[in-house]
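Heads up, the thing below is written out as structure tokens.
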Amino acid sequence: MPHTRSTLCNARIGYQPKLPSSLKNGLTGVVVEKGEATESVADQEKIKALFPNTYGAPVVKFKSGAAEGVRPLTVGAVLSGGQAPGGHNVISGIYDGVKSASKESRVLGFLNGPGGLVDGKFMEIDDELMDKYRNSGGFDLIGSGRTKLEDESQFKACIEVANKNNLDAIVVIGGDDSNTNAAVLAEYFKTNNVACSVVGCPKTIDGDLKNKHIETPFGFDTAAKTYASLIGNIARDANSAKKYWHFVKLMGRSASHIGLEVALQTQPNVCLISEEVEAKQMTLGQVVAEIADVVEARAAEGKNFGVALIPEGLVEFIPEMKALIKELNDALVGCEAEVEAASKVDEKVAIISKHLSEDSAAVLMELPEGIQAQLLLDRDPHGNVQVSLIETEKLLIELVGKEVKKRPGFKGKFKALNHFFGYEGRCAHPSNFDSDYAYALGYSAAVLAQNKLTGYISSVSNLKSGVDNWEAGGVPTSMLMNIERRHGEDKPVIQKALVDLEGPAFKKFAEHRDEWAKTESYLYPGAIQYFGPPEVCDAITETLKLGA
């Protein structure tokens, strides 16, 4: 089926992403400056033992200068995990980068994620194909997938594919798990004297793949602006109709970066930050009471409307809910068949409660029936509760409604609508920032490939200082790792970045939220702008502006 394009798509194809000054002369005009040896963020001895051939590599920075030994390259590109705006620009950055070294260079796009790499399924990307996808959203050029690279048979298959196709490098474009897998593959290649480098590229709309060297993953900017646009529309509708509360669940299971950023862009009446809930050891009842306090205070002023933002992973940060989910995961191993055989939710609850602690059983019994059903019926392939499917926004609407009705001082009305904004932000046309940033990350990956650097993740920093001043380079992926317990085993993983409750972004939010709760301070960001004044179209996130 031919690739079709809208008017905006056609206009965006002509946009030439901006590059940091160090990359403007192509791969023939970039030299690599190496820093000191590095260590992992934690568990140094364990990480070193797992990555003996790639551990300790230096951080590298790219500078303008005459490169030596520039040669044609064959590079494989892999999109891994969930979609994020800017993925096609990473590939176009790789493509333009390697072509700047030699017109004989090739880019092979492995199909449908790491599984395509293992199976050797790819398409060669040429000028005509690449030009159809520049500055476009989605991962539909080559598709994505969630195959984990974790056993030796997969690694051996990757070696065969690399050798058969004379690959100089494989670039894995993904989140923390995908880049961890890339680092493991790089180590395996190095151990077995495979010449092909393996490089990562930081992607996730959740914003939790960031640190000192990676200021933000690509895709976060566009996703946050997309959600902020929608929530600004909802806030204006609420302020127009003046009769509904809107509870909006936002993507971000492991961290609340999206919620915090969108709150700074729209100024809702309520925004929960999971990390704060956990830090304060808040119960579900306390979370409900906190929202109910705002609902009651606004109702007392005749304002029976508002906007509340709820992070996707909230329930896992509420200690009693986290304990319940853990116990359910363990208990269902022994009685899953009995639970499934029961026809009614209350019967299922009665069965499983016998296998829970008294506290967790009491929490389960207090939950609305719909949430009980989701906890007991929606399981992942490992038999665990699928937390992302729990309709937290509906849970809070029901509990807040019950709470305000039993308060003698509440004289208002509480009518609420629920929303979940997730997939709406994953494949949007990338903002100018994400177009530029993703392109620069891809170009940096090409430089890493040209210099035979393996086990690295491409990086572009100094992002709030304008593209000319961005600093391109690479970070050894092992430097970002710690050890975590996964499925009963210690595994090396890139350390997730949670919202810093001492950081400037959260502090600004905390300073103003009481004011936002009482008033209609709503901001209306509007749709993402691609053409016009730089202060509008090239704007960065509030989080980056604040340096958090």
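The values are calculated or read from the model by the stated rules, or taken from the named source; none is laboratory data. Note that this is a predicted model, so its numbers are computed, not measured. Using ideal geometry, Cβ is built from the backbone for each residue, glycine included, and neighbour counts are taken over all protein chains shown.
Please enumerate the residues belonging to the stretch 157-178 that are among the polar types (S, T, N, Q) and either part of a strand (DSSP E or B) or buried (at least 24 other Cβ atoms within 10 Å of the Cβ) (or both). Answer for the stretch 157-178, where residues must be among the polar types (S, T, N, Q) and either part of a strand (DSSP E or B) or buried (at least 24 other Cβ atoms within 10 Å of the Cβ) (or both): just S178.
Could you check how many residues of the stretch 433-471 are farther than 15 Å from V171 by Cβ and either touching a helix residue (DSSP H, G or I) at 6+ places or on another chain (Cβ under 8 Å) or buried (at least 24 other Cβ atoms within 10 Å of the Cβ) (or both)? The number of residues fulfilling the criteria is 13.
Please name all residue pairs, on different chains or six or more residues apart, with Cβ atoms under 7 Å, provided the first residue is in the stretch 487-513 and is more than 15 Å from K545 (Cβ to Cβ) and touching a residue at least 12 places away in the same chain (Cβ under 8 Å) and the second residue is small (G, A, S) and surrounded by 14 or more Cβ atoms within 10 Å (Cβ to Cβ). What qualifies is K496/S254; K496/A255; A497/A255; L498/A255; V499/A255; V499/S256; D500/A548. The number of residues in the stretch 300-341 that are small (G, A, S), closer than 30 Å to T519 by Cα and exposed (fewer than 15 other Cβ atoms within 10 Å of the Cβ) comes to 2.
Can you give me the ranges of the strands (runs of 3 or more DSSP E) entirely in the stretch 49-148 with at least 1 residues that are surrounded by 20 or more Cβ atoms within 10 Å (Cβ to Cβ) and within 23 Å of the chain's Cα centre (by Cα)?
Details: elements: 60-64, 74-79, 106-110, 122-125.
Once the strands (runs of 3 or more DSSP E) in the stretch 49-148 are filtered for at least 1 residues that are surrounded by 20 or more Cβ atoms within 10 Å (Cβ to Cβ) and within 23 Å of the chain's Cα centre (by Cα), what remains is 74-79, 106-110.
From (1) in contact with a Gly (Cβ under 9 Å, 6 or more places away or on another chain); (2) more than 27 Å from P492 (Cα to Cα), pick out the condition that doesn't hold for S144. Every listed condition holds for S144 apart from (2).
Looking across the stretch 31-86 at every residue that is in contact with a strand residue (DSSP E or B) (Cβ under 6 Å, 6 or more places away or on another chain) and of a type in the set (D, E), the one that is farthest from T204 (Cα to Cα) is identified as E33. Taking interchain pairs and intrachain pairs at least six residues apart, which have beta carbon atoms under 7 angstrom, with the first residue in the stretch 109-125 and closer than 10 Å to A77 by Cβ and the second among the basic types (K, R)? Listed by first residue and then by second, the contacts come to F110/K121. When you scan the stretch 331-353, do you find a residue that is under 23 Å from V287 (Cα atoms), outside any helix (DSSP H, G or I) and without any contact (Cβ under 8 Å) to a residue 60 or more places away in the chain, even just one? The answer is no; no qualifying residue exists. Against the list (1) under 30 Å from E187 (Cα atoms); (2) among the hydroxyl-bearing types (S, T, Y); (3) within 28 Å of the chain's Cα centre (by Cα), the condition S6 fails is (1).
For F531, indicate whether it is aromatic (F, W, Y), in contact (Cβ under 8 Å) with a residue 40 or more places away in the chain and exposed (fewer than 15 other Cβ atoms within 10 Å of the Cβ).
Working: aromatic (F, W, Y): yes; in contact (Cβ under 8 Å) with a residue 40 or more places away in the chain: yes; exposed (fewer than 15 other Cβ atoms within 10 Å of the Cβ): yes.
Spelling it out, F531 is indeed aromatic (F, W, Y), in contact (Cβ under 8 Å) with a residue 40 or more places away in the chain and exposed (fewer than 15 other Cβ atoms within 10 Å of the Cβ).
Annotation: D378 fulfils all but one of (1) farther than 23 Å from C271 by Cβ; (2) modelled with pLDDT of 90 or more; the unmet one is (2).
Please find, among N211, N192, N239, the residue that is touching an Asp or Glu at 6+ places or on another chain (Cβ under 6 Å) and over 24 Å from L395 (Cβ atoms). Explain how you work it out, then say what you get.
Working: N211 fails: touching an Asp or Glu at 6+ places or on another chain (Cβ under 6 Å); N192 fails: touching an Asp or Glu at 6+ places or on another chain (Cβ under 6 Å).
After ruling out the rest, the residue left standing is N239.
Among the numbered conditions (1) surrounded by fewer than 18 Cβ atoms within 10 Å (Cβ to Cβ); (2) out of contact with any strand residue (DSSP E or B) (no Cβ under 7 Å at 6 or more places or on another chain), the only one that V400 does not meet is (1).
Just one of (1) in contact with a helix residue (DSSP H, G or I) (Cβ under 6 Å, 6 or more places away or on another chain); (2) under 21 Å from N179 (Cα atoms); (3) polar (S, T, N, Q) fails for T226. It is (2).
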